1. Could you check the simple spin-label distance between residue 73 and residue 491, using points 7 Å along Cα→Cβ, in nm with one decimal?
2. Which value in Å is the Kirkwood Rh of the range 91-247 over different Cα pairs?
3. Over the range 225-335, what portion of Cα pair distances is larger than 23 Å, expressed as a whole percent?
4. If you count the DSSP beta bridges with both ends in the chain, what percent of them are antiparallel, to the nearest 5?
5. Across the range 9-17, in residue order, what do the Karplus-derived ³J(HN,Hα) couplings come to in whole Hz, using 6.51 cos²θ - 1.76 cosθ + 1.60 with θ = phi - 60° and x for Gly and Pro?
6. How many nm is it between the label spots at residue 54 and residue 192, if each spot is 7 Å from the Cα in line with the beta carbon?
7. Which whole-number percent of Cα pairs in the chain have a distance greater than 31 Å?
8. Check cross-link reach from residue 304 to the lysines: straight Cα distance under 25 Å, and skip same-chain residues fewer than eight apart.
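The values are calculated or read from the model by the stated rules, or taken from the named source; none is laboratory data. The structure presented is a predicted model; accordingly, all values stated were derived computationally and were not measured. Here Cβ is always computed from backbone atoms with ideal geometry, including for glycine, and neighbour counts include all displayed protein chains. Protein only, heavy atoms only, side chains kept; ligands, DNA and RNA dropped before computing areas. Shrake-Rupley method; radii C 1.70, N 1.55, O 1.52, S 1.80 Å.
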Amino acid sequence: MVVSAHPLATQVGVDILKLGGNAIDAAVAVAFALEVVLPDAGNIGGGGFIVHRTAGGEVTALDYREAAPAAATHDMFVDSAGNPTKKSEVGHLASGVPGSVAGLHEAWQKYGTLPWATLIAPAIRLAQGHVVDSARSREIASDRELLAQFPASRELYLVHDSAPPPGTLWRQPDLVRTLQLISDSGPDVFYRGQIADLIVAEMQRGGGLITKDDLRRYRAKWRTPIALSYRGHTIYSMPPPSSGGVTMGEILNILEGYDSLPAFGTAAYVHLVTEAMRRAFIDRNRWLGDPDFVDMPLDRLLSKSYAATLRSQIDPKHATPTPPQAAGGEPMHTTHYSIVDSQGNAAAVTTTLNGGFGSGVTVTGAGFLLNNEMDDFASAPGKPNMYGLVQGEANAVAGNKRMLSAMTPSIVLDSASSLEMVVGTPGGPTIITSVTQVILNVLDQKMSLADAVAAPRIHHQALPDQTYYEHGGLSDATVRALQAMGHKMDERRGRSGIIAAIQKTAGGWVGVADPRYAGGALGY
Ligand code: DON
């Protein structure tokens, strides 16, 4: 079963499984296919995380998050008045050293079974020409102004300065060449060879910082997954430099202390869940960062006794205010896919350029976009980033450091420790709360996976001190009841996450692509 944000990429994954590939083979092939068909999230110019569980029960977490260039500095994104600038979001300075090619190759070396070139071949075919559908045409249209700023992006993505209309046959010859080089020579060509040269030339063209040394030094890193227990289930998720596993763990630990949760959609339910989210995000924003740079009290944050303390501070009738701050931006684009192969190996993969189409900069001659992941740092500690997250020194910019992520690729086991669910989503900070809610909907609210994914979501990230809910997601009476408890309710127009999830049921495996977006679920 493969669930991804693009039907063509999902098909590539299933084809690889049918060829006898395992979950990691399929994950690598889907990643390269997404680079071609889902360029807004991509991404060989970005990075990501894989949480993988073998059928035999070995669980690993791979970190191929981007790293700051060595020359990056603490205050590179603030102006003389100490205010954040847009340079962490748009243009060459916004990019961290891409991790995807190194990470995918590392995962394949450890677990892959099919030849590397076999996994890249479908992406090459798609780059030779595929038909743009309406969802992707819309995505390009909505970021037209960003792409038009950079000549190579304008040439690649826009036709007469507009998005290619649905039905356009889209050919990406530079990307064909790039993928062929990666297929022939592996990560070496990307980090030391011809593609590295093109990336560095692009940086010099636009005043960016990434050097040949930065590329040469980049490594994907195996991390110990976060293991959580929740009402008899075990959940594996991503450790720092993602905040996903820890923050979800705190939320679930707080909620586990209630014998049962109030009914879905009630004010009592929204109150408890958002108060748990608020407390977990306060810790996230204060403590978490790249484990190679900061010491983090993870054992304490994830202990049941700490959760009990936090729970005891929740007033059942009133929201606990946090200081007001400026509101944040809207969710942009990242992508998650979930795979289970016929052996029962499972891969949860979340990967990102950060914002839609990343920094907007296409590497001239190489045909791929670079990320704007530098904005995931606290570019100005104490000031909100593009997701409105207010973070501290633990996540300040430093050379070679990895910026804190919210990506939460997760694997859930049942009480007998067998594979039950694979789940993840894009959505900036709403990633953590969206994944958590799908798990709560299935485990506590006893919803089917389809209902659990479709159900309207809520979100709280401590600052700004607002309780978000999706458009029409709560009844007027519930909203009024929450306002009376002191919640500042904020109805979000945009979608909250694009879940891609797989669940084992008595009737077999179920795959669900979020109805909020045009993805695809396919099994055989
Ligand atoms: O790593 C992170 O947390 C962010 N770069 C994710 C951004 C994201 O999900 C945007 N997508 N909707």
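1. In this crude spin-label approximation the distance works out to 4.8 nm.
2. Computed over Cα pairs of the range 91-247, the Kirkwood hydrodynamic radius comes out at 18.4 Å.
3. Percentage above 23 Å: 33.
4. On the way: 60 of 65 bridges.
Looking only at bridges with both residues in the chain, the antiparallel portion is about 90 percent.
5. Along the range 9-17, the couplings run 5, 4, 4, 4, x, 5, 4, 5, 4 Hz.
6. 2.9 nm
7. Working: 54438 of 137026 pairs.
Above the 31 Å cut-off, the chain has 40 percent of its Cα pairs.
8. Qualifying lysines at Cα under 25 Å: 317, 446.
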